[in-house]
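Peer 1: Pasting a structure here, questions to come.
The values are calculated or read from the model by the stated rules, or taken from the named source; none is laboratory data. Because the structure is predicted, anything quoted here is derived from the model rather than measured. So basically every Cβ, Gly included, is an ideal-geometry build from the backbone, and we count neighbours across all protein chains shown. Remember, those area values only see protein heavy atoms, side chains included, never the ligands or the DNA or RNA. Shrake-Rupley method; radii C 1.70, N 1.55, O 1.52, S 1.80 Å.
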Amino acid sequence: MSGSSRRRRVIRTVIGLAAVLVLTVAGAGAWFYHRLDTNISTFDAGGVATERPPAPVPTAPGASVPVNVLLLGSDTRNDGNDDLGGGDVGVGHSDTAILLHIYADRKHAVGVSIPRDTLVTVPSCRLPSGDWTKPRTNQMFNEAFTVGDSPKGNPACTQNTVEALSGLRIDHTIVVDFKGVAAMTDAINGVEVCVPNDVNSHNIKLRKGLQKIAGQPAVDYLRARYGFGDNSDIGRMKRQQAFLSAMIRKIQSQGFSLPTLLPLADAATRSLTVDEGLGTAMKLVDFAQSLQQIKLSDITFVTAPWQFSTVQKGRVDLVHPDVDTLWRLLREDRTLDGQSTGLLPEGGTAGPSPAATDGAATPAPAATPLSPEQLATTITVVNGVGTDGLAGAGSAVIRAQGFTNVSLGATTGGRLRTEIAYDPPFKAVADQLATLFPGARTTVEPGSEGVTVTLGRDYRPVPQTATAPASRPVPGGTPAAVGVALGAGAPTAVGTPGGAPTAPLPTGVPGGIAENSRTADSDPCANLTFG
């Protein structure tokens, strides 16, 4: 046989073997994906609120937009989790919530930890019966997950609460239980974490310093409060941020290939509950692979600016306007130093959400002169968010236009979009007010005897002075100031949805990046305790 014939045979053999291997792997892959699909649990999208923040608008057809993912840790003892968590099966709780903002450039990400004890307004949420609750003010943030008393919790209610709190539209929600943490850490052969001190408390024994943990010890490390640092929930959040950083670092070091991702996906999907948009294995793997270009140094974890509540002992208040600045930066897809990725129009989001397009969001008519009688119309300004001083700021804007009969109504909460309700005889007044609050929805309320302006989260008052008052130190290294955002300029223009900046952006999250955040490539032993 000639040499050329032998070479052709070898080539045909190699090609044949390659074809067999491809078919074998493809077949195994199809079987494996089917297995993953049967693993995945989803929660009913019917519990997601109908009034939601607007979705980001790309600069061009097909261009990327930011993605917001809500990560929830579930303390459920259902479905065998009592073996890892102890206790009896009961109402599902969630003490861990991280809002992960993945930038449109797919090269940056920010994870915002929301303290479980934060006092918030829990908006209307759906019960297992199909009924919807009434909004409740001054509730602990983690109460949202318990609405309905389900053993698996209520992820949709927590998603609704975060959207109302931040003004960010949540694209995906992922709930991880004890079994998920144990299985995923086992699948990647452990995660290296740092224990700030020797721990021998509540059946947890860990030595001080760096060590690799997986399975039950990983669950214990993430759950425990007592025995670590100052025993606080804030300290626990810092350890959770460090743990996630280490887990991301480990996965990136192993690569984003299918042989790496599929075993991890198998472990994860057996214990994940996700929204329907991530309800297949292919969607989960595609989502994971879309993140592979993000460097560790460009993944930042930050705790929402907070302070201990002066109203309820042991609870937490978010610090305004500091937290508003943080949410605004993310809505505009800006990094924490105020830089734009350049992939969204100024203002970040454009236009109302589909659910809000009721014909009332058309541009407000040009202002026309009003009579003295019209300027004396009864106007009530309502704080629909709960932020201190918001209604006062809005009423000052109205009075500055010559209106003489302006009063403040009772504060409500959970309002996303500013609304102007009016009795038909006062339509001209409502139209005039609409020019002061661009994007506001106008509605007719016969018999209301005047006009009511309910301010939503899309309204951002311009500070009346460029000089910040003296700040006071608050926990977490975040100074709180009254009336203005700390930083280089005003938060946003009056009433501009999404908030196109009218002055240089703050140099970072108030309180300083270093004090309030960590990047995924940070020293794993740094900044692990609070107090």
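Peer 1: Is the range 146-288 best put as rounded, prolate or oblate by its Cα gyration tensor, with a ≥ b ≥ c the root eigenvalues, rounded for a/c under 1.5, and otherwise prolate when a/b is larger than b/c, oblate when not? Mind dumping the intermediate values first?
Peer 2: Numbers: a/c = 1.92, a/b = 1.21, b/c = 1.59.
Judged from the Cα gyration tensor, the range 146-288 comes out oblate (a/c at least 1.5, b/c at or above a/b).
Peer 1: Quick one: accessible surface of THR443, probe radius 1.4 Å, all protein chains present, in square angstrom to the nearest 10.
Peer 2: So the heavy atoms of THR443 present about 40 Å² to solvent.
Peer 1: Once both labels are modelled 7 Å past Cα along the beta-carbon direction, what's the ASP149-GLU449 spacing in nm?
Peer 2: Using points 7 Å along Cα→Cβ, the separation is 4.2 nm.
Peer 1: For ASP95, ASP230, give me the order by solvent-accessible area with a 1.4 Å probe, most accessible first, ignoring ligands, DNA and RNA.
Peer 2: ASP230, ASP95
Peer 1: Given a 1.4 Å probe and the protein chains all in place, what does the accessible area of LEU206 round to, in Å² to the nearest 10?
Peer 2: 30 Å²
Peer 1: By the scheme Lys and Arg +1, Asp and Glu -1, what is the net charge of all other residues having a beta-carbon under 11 Å from that of ASP198? Intermediate results must be reported in sequence, preceding the final value.
Peer 2: Working: positive: LYS205, ARG207, LYS208; negative: none.
Around ASP198, the surrounding residues sum to +3.
Peer 1: Also, quick follow-up: Tell me the net charge near LEU36. Cut-off is 14 Å between Cβ atoms, LEU36 excluded, with +1 for each Lys or Arg and -1 for each Asp or Glu.
Peer 2: 0
Peer 1: Another question, then. Hey, what's the range 120-182 come to in accessible area per residue, 1.4 Å probe, Å²?
Peer 2: Averaged over the residues of the range 120-182, the accessible area is 35 Å².
Peer 1: Let me ask another. With every protein chain left in place, what is the accessible area of MET282 in Å² (1.4 Å probe, nearest 10)?
Peer 2: The accessible area comes out at roughly 90 Å².
Peer 1: Report the net charge of residues surrounding THR377, where surrounding means a beta-carbon distance below 15 angstrom and charges are Lys +1, Arg +1, Asp -1, Glu -1.
Peer 2: -3
Peer 1: Could you pull out the trypsin sites (Lys or Arg not before Pro) across the range 266-347 that fall in loop regions by DSSP (anything but H, G, I, E, B) with no more than 11 other Cβ atoms inside 10 Å?
Peer 2: LYS313
Peer 1: Rounded, prolate or oblate: pick one for the range 146-203, where a ≥ b ≥ c are the square roots of the eigenvalues of its C-alpha gyration tensor, a/c under 1.5 means rounded, and failing that, prolate if a/b is larger than b/c, else oblate.
Peer 2: It comes out prolate by the Cα gyration axes.
Peer 1: Rounded if a/c is under 1.5, else prolate if a/b is larger than b/c, else oblate: which is the range 222-306, with a ≥ b ≥ c the root eigenvalues of its Cα gyration tensor?
Peer 2: Cα axes put the range 222-306 in the prolate bin.
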